[in-house]
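Rule-based calculations on the coordinates, nothing more; no lab input. In this text the structure is predicted, and so the values were computed from the model without any measurement. Cβ placement follows ideal geometry from the backbone for every residue including glycine, while neighbour counts extend to all protein chains displayed.
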Amino acid sequence: MKILNVATLIMLQVAVLVPAIAVFAGESGEAVSFSRDPDRWTINTRSTTHQIVLGRDGDLAAGYFGPLSGTRVFGYPEYDNPPVIGTIHREIPYRGGFMEDDPLLEVVFADGVRELELVCTGHETGELDGCPYLRLDMKDTHYPFNVSEYIRVIPELDIYEKWLVLSNTGAEDILLENAGSGSVQLPAGAYDLIQFGGGWGREFLRQRTRLTIGTKTLSARTMKSYEHLPFFLVRPMGDNDEMSGPVWFGAIAWSGNYSLDFYISPNNRLQIKGGINFWDTHWNLKAGESFTTPKMVFGYSDNGPGGASLRMHRYMLDYVLPQPNASIPSKVLYNSWYATTFNINEKQQIVLARQAARLGVELFVVDDAWFRGRNDDRGGLGDWEPDPVKFPRGLGPLIKEVKSLGMDFGIWVEPEMVNANSDLYRSHPEWVLQTQHRRAHEHRNQLILNMARDDVKEFTIAWLDRLLSENEIDFIKWDMNRSVSEAGWPGENPATARELRIRYVQNLREVFAAIRGRHPGITIENCAGGGGRVNIGLLELTDQVWTSDNTDPGDRMHIQYGYSHALPAKTMVNWVTDEEWHNKTTPLKFRFQVAMAGNLGIGGDITSWSEEDKALASEMVALYKDLRPTIQFGDQYRLRDPFEESRMAVQFVSRDRKSSVLFTFQTLETLPGADGGYSLSDRLVLQGLDPDAVYRVKTDQGVSKARGEFLMAGGLSLPLRGNYSGAIAVLEMVE
Ligand code: DGJ
């Protein structure tokens, strides 16, 4: 092939990149403008500007990313003359030349050369799935390697999705040692990072840390990650206000080995990048092939973390979650796990189903242990047929009963796992992740199927398809209860075997897509021992999340509060259970109130509930159904912070601002309040209402009327009395 030299390529790009301004309206109808000066591209959304600068040597520099037209405020443009690459921060920070930032792209060519030298060859603007995009094309100056960066923009949400398409146009393999998705540079300054995570039963807890010179990384090496939600907020050091101030946020749409890196350079520039974590993996880019990285989402809010989550929630509901489910209210579910664990049978599940229906439940879910050989966690995984002892007539009679009660039917599966004590393992021991001459560690007595193998992928699609075709199943809860060890693939060519961690996720995504394609009516709940695998990549293919095995309402206040920074309440499933997580019970009403601030479910042994409890449960389920459109589709505002005081308050406002629901909870009445005193202020300053409208306000105390303006200034008093108490206020616009 003809290799172009740098000078020719620069001439080429100058010819291709004529100055242009393109204005596009995405699905929202809101315009985004891409303008192309001779030496830079500028993208403007509703409240942001993002620039990419063309260097004198044809490389691309990372330009400004921040508040609209803030280039002046932040001292930009800093590249008054077209810069020379090597002295600047790159838009695609690759290994090669003089590069100071954390590399996003590292390749090795067949002759052993490990450096890239890229120049821009052109750009394209257009529309992709209803949203405008800018594509910047780059080419190596010597080797047959092309890089296209896509920047798809959600203008009304100030969100930029970035990803790369890497193409080998030559005849020899190119090794990708690192291929991240996207990078941005923030204006020079001092920043804090806010992250969410913890561990099993402690998911999504907020932590804040100062970013100092060097790199801070949020990452997962395996397909499971309790420690972080792959999402971040970054804000100027010390800023604390929930609803004001600049906040940059982002997330990676990859359900496995991800890395989000925050690098402060010696000149105090913050580079944020994210993508697949290439630890213990790589990718052979074969001749003529391309590799597309997952999307890295970057966003900016000029109204604090509250504004960031408002944008993220709309992004998830309008652009990411599978349709049509994302637009249909999620059903109130009952899940049998805590009531019956492994000891289940048809008769007992029918008794539970009848009781659930009487409470107003709309979806009955049989959890673990319905399949052959599953009497405890030591056996059965892999043998996905109804257990002949527990369900001698198959699942049919139970499903028929559930349907006749007017409910949907759901079932638990854990398709990526196998017990050694199963027929599947006995017939295919080679299908599990393993490394020769090494012990295969079990966790919860289970091994992991090597989903990177196409035969395992096809097997998984086939049995799930059969299960869903032979039974009227509306919902699956997809669990994943252990993390990866010995991620080997004996017998496979070692180069491909090393791609396992990437191929696993790619194939897993194909399984989800195939199941959704063949069973379009299905709803899928994503669970990994609770919230161990929550990310926007999996939420492109699943509908909701089993948030945490920890159902203690006091702990849940924190878990739910953290979760809400990234993801909407519709996806956050909360069950009311009888579990005594801290050897204590809390009032049933309080448990319901906390669970209702998300996607309500019930998971207790409802056959043992008193008549009084059942009456309360029916009342709360009915109330939830009334409030559900506002909670599930509305905008969410966090009014009181449980990490600061023993209270939490959260408000939902419908997008047309006609309805609002306010929840307030406290664990302990006498702990210090956020103001440092023992304040028992019940006053909550509301958000998001129409200031000129009059709202009817309904609480346990009675009904009153108030103007939106007053409720958002003077606030609403919603008294709480006693430990573990909560209150709900329902607002409707009346004038
Ligand atoms: C872990 C999940 O988080 C639970 O809800 C339950 O489904 C169990 N697995 C079943 O084994």
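A protection proxy built from the mean count of other Cβ atoms within 10 Å ranks the segments 347-355, 237-245, most packed first, as 347-355, 237-245.
The simple spin-label model puts a point 7 Å past each Cα toward its Cβ; for D455 and I213 those points are separated by 5.5 nm. With contacts taken as Cα pairs under 8 Å and at least 6 residues apart, the chain reaches a relative contact order of 9 percent. Centre-to-centre separation between the Cα atoms of segment 313-346 and those of segment 33-67: 41 Å.
Between L175 and V703, full extension at 0.36 nm per residue minus the direct alpha carbon distance yields a gain of 183.3 nm.
Residue separation of T496 and T585 scaled by 0.36 nm, minus their Cα-Cα distance, works out to 26.8 nm of gained length. In terms of surrounding Cβ atoms within a 10 Å radius of their Cβ, V650, V113, V730 rank from fewest to most as V113, V730, V650. Taking 25 Å as the straight-line reach from the Cα of K457, the lysines in range (excluding those fewer than 8 positions away in the same chain) are K224, K286, K295, K477. Sorting V694, V418 by the number of Cβ atoms found within 10 Å of their own Cβ, with the fewest placed first, yields V694, V418. Residues whose amide H comes within less than 5 Å of that of Y64, counting only those at least five positions distant or on another chain, are Q51 (H built at 1.01 Å from N in the peptide plane).
Only aspartates and glutamates eight or more places from K705 in sequence, or on another chain, were considered; those with a Cα closer than 15 Å are D690, D692, E732, E735. Here the peptides 610-621, 261-272, 537-548, 156-167 are ranked by packing, the mean other Cβ count within 10 Å, and the order with the highest first is 537-548, 156-167, 261-272, 610-621.
Between the alpha-carbon centres of segment 231-307 and segment 621-637 there is a gap of 31 Å. Simple rule: put +1 on each Lys or Arg Cβ and -1 on each Asp or Glu Cβ in segment 364-419, find the dipole, and look at W384, V402, G373; the Cα lying farthest toward the positive end is V402. Peptides 442-452, 191-201 ranked from most to least packed by the mean count of surrounding Cβ atoms within 10 Å: 442-452, 191-201.
Putting +1 on Lys and Arg Cβ atoms and -1 on Asp and Glu Cβ atoms, find which of L233, P266, A179 reaches farthest to the positive end of the dipole of segment 6-320. So the residue we want is L233.
Computed over the chain, the per-residue total of -39500 (n - 2.57) for DSSP H runs of n ≥ 4 gives a 222 nm mean residue ellipticity of -6000 deg cm²/dmol, rounded to 500.
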